[in-house]
Amino acid sequence: MIDIKAVGANIADIRRKNNLTQEQLAELASLSTNYIARFERGEIQNFSAINMLKIASSLDVSIDELAEGAHKKENLKSKPYRKELNRLLDQMGHETSELLSQSFIRTIQLIQGHDSKHEKSGK
């Protein structure tokens, strides 16, 4: 289960490391400033995968990094293709973008699992 307060704290930490205000992050993620503020305080009860993806993409981190705080070890950089992904998802209906986001996340998880198996076997 996701610890929403920890995720919110990670979002705030990453946002600050990227020198972004809540308003700037909200604009990048196409979400309201109020939503970002409530998320950072751990007050969001029901959040969608698409909103997590929007925030993660806007901060140039993975959803896992938001959940686990792995960003603390990473050098944060801006990636324009993530902004484009958000823009394209925003143009789709909510149900379609949610399904695509879930599929995208599962695909990445499969690739990561495949890559880690190859690293362990030395291939």
Could you go through segment 18-38 and let me know if any residue there is in contact with a Gly (Cβ under 7 Å, 6 or more places away or on another chain), assigned to a helix (DSSP H, G or I) and open to solvent by less than 30 Å² (accessible area, probe 1.4 Å). no
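If you scan segment 39-56, which residues turn out to be closer than 15 Å to LEU89 by Cα and open to solvent by 10 Å² or more (accessible area, probe 1.4 Å)?
As a first pass, look at segment 39-56 and keep what is closer than 15 Å to LEU89 by Cα: 48-56.
SER48, ALA49, ASN51, LEU53, LYS54, listed by residue number.
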Note down all Cβ pairs under 9 Å where the first residue falls in segment 41-53 and is on the phi > 0 side of the Ramachandran plot, the second is of a type outside the set (Asp, Glu) and open to solvent by less than 70 Å² (accessible area, probe 1.4 Å), and they're at least six residues apart or on different chains. GLY42/ILE4; GLY42/ALA6; GLY42/VAL7; GLY42/GLY8; GLY42/ALA9
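The values are calculated or read from the model by the stated rules, or taken from the named source; none is laboratory data. Because the structure is predicted, anything quoted here is derived from the model rather than measured. Positions of Cβ are backbone-derived with ideal geometry, glycine not excepted, and every protein chain shown enters the neighbour counts. When the accessible area is computed, the model is the full protein with side chains, heavy atoms only, and any ligands, DNA or RNA have been set aside. Shrake-Rupley method; radii C 1.70, N 1.55, O 1.52, S 1.80 Å.
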